[in-house]
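The values are calculated or read from the model by the stated rules, or taken from the named source; none is laboratory data. Model, not experiment: these values are computed from the prediction. A quick note on method: Cβ atoms are made from the backbone with ideal geometry, for glycine too, and the neighbour counts reach across all protein chains shown. Ligands, DNA and RNA are stripped out before the accessible areas are found, and what is left, the full protein with its side chains, is counted by its heavy atoms. Shrake-Rupley method; radii C 1.70, N 1.55, O 1.52, S 1.80 Å.
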Amino acid sequence: MKRILYFIPALCMMIVIFAFSSKPADISGKSSMRIANKIYSVYEGITGRTKTEEERLYEVEILDHIVRKGAHVTEFALLAAAWAWPLSKSGLKGIKLALTAIGLTVLYAASDEYHQTFVPGRSGEIKDVCIDSIGALIGYFAFNALVFIRSKR
C-alpha cells in the first residue's frame, strides 16, 4: 500500500499538466504574456532602459515564447522526476529505470499534445513533444543527481 502512495506526485503533476493544457489558447496566451511582461518590467527597472512600444512588444513576444517553452521543460522535468522516485522505490535501477521514467513521461507528453487538439485555439505539436522530452531527460538526470548527493551524506 505504501508504494502506491509514492506515485501521488506523478499523478498530481499529470493533473497539473492536463489542467494547463485544457485552457483555451487565448486564456493560456494571456497568462504567459502577463508573466513575460512582469519579467520584462523587472529587466527595465534593473537596466533603466526604455524602448519604443513597438520594440518593447517585439521583445516581450520573444520572452513570452521562452516562458511558454520553459514551462514545457519544467513541467515535464518535474514529471520525469516524479516517475523516477516511485519506480526506483519499486526496485527498478539503471537503464530500466531511465527508460521507464523517461518513456512514461514522453508518452504522457505525446498524449498531452493530442489532448490539446481538442482544446479551442490549441494544436498538438511534435516540436513540443521534443521540448517535453528534453525536460524529461533533465528531470531524470536531476533526480539521479539528488540521489547521488544524498547517498554521499
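Brief remarks on what is shown
- Solvent exposure of the chain as accessible area per residue, Å², 1.4 Å probe: 64 Å²
- Between the beta carbons of ALA19 and LYS89, assuming R0 = 25 Å, the FRET efficiency works out to 0.40 to the nearest 0.05.
- Placing +1 on each Lys and Arg Cβ and -1 on each Asp and Glu Cβ, with no other charges, gives the stretch 1-48 a dipole about its Cα centre of roughly 260 debye.
- Calculation over all alpha carbon pairs of the chain in 10 angstrom steps from 0 returns a P(r) of 11, 33, 28, 20, 8, 1, 0 percent.
- Note on TYR58 and SER41: their simple-model spin labels are 2.4 nm apart, each label 7 Å out from Cα toward Cβ.
- Directionally averaged projected area (convex hull, Cα atoms, the stretch 68-153), nm²: 5.8 nm²
- Apportionment of accessible area to carbon and sulfur, the stretch 13-153, percent (1.4 Å): 68 percent
- Whole-Hz ³J(HN,Hα) from phi, Karplus 6.51 cos²θ - 1.76 cosθ + 1.60, for the stretch 113-120, glycine and proline x: 5, 5, 4, 5, 5, 9, 9, x
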